[in-house]
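A quick write-up on the structure given underneath.
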Amino acid sequence: MKTITVLLAEDHQLVREGFRSLLQHERDIEVVGEAENGREAVQLTRKLRPAVVVMDIAMPLLNGLEATRQIRRDFPETKVVILSAHSDDAYVEQVATLGAAGFLLKQTSSHVLATAIREVQKGHTFFSPAISRRVQTRTRKAANRGASAKNGNRLSSREVEVLQLIAEGKPNKQIAAELDVSFKTVDKHRQHLMSKLDIHDAAGLTRYAISEGIIESSVRLTVL
């Protein structure tokens, strides 16, 4: 029996420990790493090359959706199962277009989580019944409409990272340190964001980040 290696990406330690405890009883599944934010999830995927990443959406520094986009772009052999406490249409739509192989609500049972991991490893998709039909509908609509006018304003991965850190209330100097770039580079990204989105203050960028599911409203702690 081939073991399925799994990386858990969840910012709450107790939740990660709970998932690990649930999965350790599955003989064919091995948790090889844990990440507490999206950036660490991308880094550990690069290092460990897990077969499956179980990814929370709402995480600091880099949210699970953007982390999923980067993982699917750079490590297409790794499958991603999204975990969320919410099944909002905004999340469902993004998951359907990011290439995640599964989407489970956090209240799912350990049996369902293990089944999802096995199914996506086989190349299948697996969604919680409550959102499966909506995902299929939105995927068809996205395929039919092709590139929309909104795609002209699509943000790059780095711009999404900068936007999330701005929305979390971090100043340019701290963002530069987090991303290992210069202060001037961060300021340039900030100006590009404001120009591209036609938003000209940090509060507006924060509202945009919340509306797009980049952060949850509860994440925002300070106002620039």
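Considering only residues that are assigned to a loop (DSSP other than H, G, I, E, B), without any contact (Cβ under 8 Å) to a residue 12 or more places away in the chain, within 24 Å of the chain's Cα centre (by Cα) and surrounded by fewer than 17 Cβ atoms within 10 Å (Cβ to Cβ), which ones fall in the stretch 164-198?
Passing the criteria: Asp180, Val181.
Glu30 passes all but one of (1) of a type in the set (Asp, Glu); (2) in contact with a Lys or Arg (Cβ under 9 Å, 6 or more places away or on another chain); (3) under 20 Å from Ala114 (Cβ atoms); which number fails?
Condition (2) is where Glu30 drops out.
For the stretch 9-58, which positions are out of contact with any strand residue (DSSP E or B) (no Cβ under 7 Å at 6 or more places or on another chain) and of a type in the set (D, E, K, R)?
Matches in the stretch 9-58: Glu17, Glu26, Arg27, Glu36, Arg39, Glu40, Arg46, Lys47, Arg49.
Which ones in the stretch 132-157 are open to solvent by 80 Å² or more (accessible area, probe 1.4 Å) and either basic (Lys, Arg) or at pLDDT 85 or above (or both)?
Passing the criteria: Arg133, Arg140, Lys141, Arg145, Lys150, Arg154.
Report yes if Leu83 is on the phi > 0 side of the Ramachandran plot and either of a type in the set (Phe, Trp, Tyr) or under 16 Å from the mean Cα position of the chain (by Cα) (or both), otherwise no. Steps first, answer last, please.
Numbers: on the phi > 0 side of the Ramachandran plot: no; either of a type in the set (Phe, Trp, Tyr) or under 16 Å from the mean Cα position of the chain (by Cα) (or both): yes.
Against the criterion (on the phi > 0 side of the Ramachandran plot and either of a type in the set (Phe, Trp, Tyr) or under 16 Å from the mean Cα position of the chain (by Cα) (or both)), Leu83 does not qualify.
Quick check on the stretch 56-71: of everything there that is open to solvent by less than 10 Å² (accessible area, probe 1.4 Å) and in contact with a Ser or Thr (Cβ under 6 Å, 6 or more places away or on another chain), which residue is modelled with the highest pLDDT?
Ile71
Applying the selection to the stretch 99-112, what residues are open to solvent by less than 40 Å² (accessible area, probe 1.4 Å) and either within 23 Å of Gln70 (Cβ to Cβ) or among the basic types (Lys, Arg) (or both)?
Gly99, Ala100, Ala101, Gly102, Phe103, Leu104
Looking for something crowded, with 20+ Cβ neighbours inside 10 Å and either free of Cβ contacts under 8 Å to residues at least 24 places away in the same chain or not hydrophobic (A, V, I, L, M, F, W, C) (or both) - is there at least one such residue anywhere in the stretch 15-35?
no
Please verify whether the stretch 39-47 includes one or more residues that are open to solvent by 60 Å² or more (accessible area, probe 1.4 Å), more than 14 Å from the chain's Cα centre (by Cα) and either under 20 Å from Ser128 (Cα atoms) or touching a residue at least 24 places away in the same chain (Cβ under 8 Å) (or both). If you could, list the steps in order and put the result at the bottom.
Pass one, the stretch 39-47, residues open to solvent by 60 Å² or more (accessible area, probe 1.4 Å): 43, 46-47.
Those still in the list that are more than 14 Å from the chain's Cα centre (by Cα) too: 46-47.
This time we only want the ones that are either under 20 Å from Ser128 (Cα atoms) or touching a residue at least 24 places away in the same chain (Cβ under 8 Å) (or both), so: 46.
Yes, some residue in the stretch 39-47 is open to solvent by 60 Å² or more (accessible area, probe 1.4 Å), more than 14 Å from the chain's Cα centre (by Cα) and either under 20 Å from Ser128 (Cα atoms) or touching a residue at least 24 places away in the same chain (Cβ under 8 Å) (or both).
The values are calculated or read from the model by the stated rules, or taken from the named source; none is laboratory data. This one's a predicted model, so the numbers in the text were calculated from it and none came from an experiment. Ideal geometry is used to build each Cβ from the backbone, glycine not excepted, and the neighbour counts take in all protein chains shown. In case anyone asks, the SASA skips ligands and DNA or RNA and just uses the protein heavy atoms, side chains included. Shrake-Rupley method; radii C 1.70, N 1.55, O 1.52, S 1.80 Å.
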